[in-house]
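In what follows, a structure is listed as structure tokens, so that the remarks can point back to it.
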Amino acid sequence: MHDGTGMKKTSDKVSNRARRRFLQGSIALVYDFDGTLTPKPMQNYTVLAKLGISADEFWNEVNTEVARTGGDHMLTYMRLIVDRLRSSDEHITRDDLRRLATDIEYFPGVETWFERVNRYVELRTRGKVRVRHYLISAGLREILEGVSIRHQFRRIYASQYFFDKYDRATFPTIVINDTAKTQYLFRINKGIEDPRESINDHMPEQQRPIPFGHMLYIGDGMTDVPCMTVAKKNGGFAVAVYQPKLTKSLTTCQELARADRIDYFAPADYREGRTLERRVQVILDVMIARILFERERFALRRELD
Ligand SMILES: [Mg+2]
């Protein structure tokens, strides 16, 4: 916990640095996981597969239970997974969850996407602008810690279980639902990325390392609307992806675009030269131009000092 003086000193330090050096030279790409980077929810490839549970039946049960109790969708699925683990002969530890994550399948091109984005920005700006990738998922952190693309992310925010002394998941310790996701956009915006630190202190816009205008949120549907709205209303960008085989997924994107809740949508195909890459590059170009413009203004102001 921070006492008031500690926070003040930190913010003084930041503002002194902000005067001397341009601190807003990074772009943030923030991703949802299930349905955005992978076709199916991560539980289907991992814990449900391991327990031999039919994914369709499980998610139907979650939906029925939510309709019956009016409970939170995330808490309900997390509780039902604990129930299933308890009644199963299989003991699944945290390490098991991490290992199972290697079975996750991605949309085409996902695994090389991050390097391509980084290279694009580096070449375009001769290294003056950097890219950070973040993941905010309602899924399980224990699984995401084992995914092959984890090193691409500066931070992974996700729901989390408490594991007891027998390494059994017993209770949720962090639950990230649609609206809770937006908190993490502000963490990225303010550079207060550690969830143990308070996010609510005031911070002037010019001290925030990632202004919303340098932020792009990529999601796949209605559960991403709060994040898309926060990003866009604050001057940032939002893109939705859809699965061409699922008509519902396309109509959701069309609705989001008609309501101006997203800037673009594209098939969830991350391969080189596809629509998604092309559209994201258009947004990257706008963000790059903003940063270079602001950098130059910053240099000018320093000359005036
Ligand atoms: Mg999703």
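The values are calculated or read from the model by the stated rules, or taken from the named source; none is laboratory data. Keep in mind it's a predicted model, so treat the numbers as computed, not measured. Don't worry about glycine lacking a Cβ; one is built from the backbone with ideal geometry, like all the others, and counts go over all protein chains shown.
Taking region 135-221 as the region of interest, the strands (runs of 3 or more DSSP E) fully inside it that hold 2 or more residues being within 16 Å of the ligand (Cβ to nearest atom) are 155-163, 215-219. Screening region 168-187 for residues that are touching a residue at least 60 places away in the same chain (Cβ under 8 Å) and more than 23 Å from residue 265 (Cα to Cα) and picking the one that is surrounded by the fewest Cβ atoms within 10 Å (Cβ to Cβ) gives 171. Among the conditions (1) away from the ligand (no atom under 16 Å from the Cβ); (2) at pLDDT 95 or above; (3) on the phi < 0 side of the Ramachandran plot, residue 235 misses just one, which is (3).
Would you please name the residue that is surrounded by the fewest Cβ atoms within 10 Å (Cβ to Cβ), looking only at residues in region 63-77 that are within 16 Å of the ligand (Cβ to nearest atom) and at pLDDT below 95?
73
On inspection, residue 93 passes the criterion of being more than 16 Å from the ligand (Cβ to nearest atom), exposed (fewer than 15 other Cβ atoms within 10 Å of the Cβ) and modelled with pLDDT under 95.
Within region 198-244, restricting attention to residues that are more than 14 Å from the chain's Cα centre (by Cα) and among the charged types (D, E, K, R), which residue is surrounded by the most Cβ atoms within 10 Å (Cβ to Cβ)? Looking at residues that are more than 14 Å from the chain's Cα centre (by Cα) and among the charged types (D, E, K, R), I get 208. Scanning region 245-259 for residues that are assigned to a loop (DSSP other than H, G, I, E, B) and touching a residue at least 24 places away in the same chain (Cβ under 8 Å) turns up nothing.
Within region 245-261, not a single residue is farther than 23 Å from residue 185 by Cβ, in contact with a helix residue (DSSP H, G or I) (Cβ under 6 Å, 6 or more places away or on another chain) and surrounded by fewer than 22 Cβ atoms within 10 Å (Cβ to Cβ).
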